[in-house]
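Each remark here refers to the structure printed beneath this line.
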Amino acid sequence: MAVSGIVMLLYLIAHMIGNLKIFAGRESFNGYSEWIRTIGEPAVPAQTTLTIIRIVLLVAVVAHFWAAVSLWRQAKQARPQRYVTKKPVAQSYASRTMRWGGVIVGLFIVYHILDLTVGAVNPAGTDASPYDRAVAGFSNPFVTAVYVIALILLGMHLRHGIWSATQTLGQSNKRREKTVNLFALVFSVVLIGGFLIVPFSVLFGLVD
């Protein structure tokens, strides 16, 4: 769970930084999108590196989902009967809804690929450039709202996930718990803020 989460987190950081290229203009953003597809040329055929990245990401997603289901089953087997009373005080909203949040984020990823990567559900269509797809999609308040909700859920998932991963990997203890929690919160807010600034900038006409 922790290792697959870290792989996806590293991708999210790179993806967020790449998205900010949109502020450099149409040519820069489209050039960046084309560069991703040609990394390694002419040593390797076009899209080879991108395909490898996609395979690694797919393996990480499947492993993360499998780990989540496996841990849930172990928890159910360890405690087949429900607790008579629950104490939710120590649980955050993100930790209590971690599984469903993950499912929603997974569905959002499928939509995101169909929208901005493939263009199948994007108003600009499949033949439009990446820049034009982003502008066409985020100019719609409903589409932007979907992205905002999904990204906020992703941020909550990340905050709890980062905290959990530090415990799993032995990097957290009672003395460090407050520091780790603060780092997880700040990191998630900055990362999700980096993603959200693009759709909001398009929606409010700062990018067109």
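Each value in this text was obtained by applying a stated rule to the coordinates, not by laboratory testing. None of the values given here were measured: they were computed from a predicted structure. Cβ placement follows ideal geometry from the backbone for every residue including glycine, while neighbour counts extend to all protein chains displayed.
The table below gives the values:
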item	result
Between helix 177-203 and the chain: long-axis angle, C-alpha atoms, 0 to 90°, nearest 10	30
Between 0 and 90°, nearest 10: helix 141-168 axis offset from the chain longest Cα axis	50
Label point distance in nm, T51-V110, each placed 7 Å from Cα along Cα→Cβ	2.5
Cut-off 11 Å (backbone N to label point 7 Å along Cα→Cβ of R37), residues of the stretch 117-158	118, 127-130
Whole-Hz ³J(HN,Hα) from phi, Karplus 6.51 cos²θ - 1.76 cosθ + 1.60, for the stretch 105-114, glycine and proline x	4, x, 5, 5, 4, 4, 4, 4, 5, 5
Packing rank of 101-114, 183-196, where each peptide gets the mean count of other beta carbons within 10 Å, highest leading	183-196, 101-114
Only Lys, Arg (+1) and Asp, Glu (-1) charged, at Cβ; the chain dipole about Cα centre in debye	1600
Between 0 and 90°, nearest 10: helix 2-19 axis offset from the chain longest Cα axis	30
4 °C / 1.567 mPa s Stokes-Einstein diffusion coefficient of the chain, Kirkwood radius on C-alpha pairs, µm²/s	68
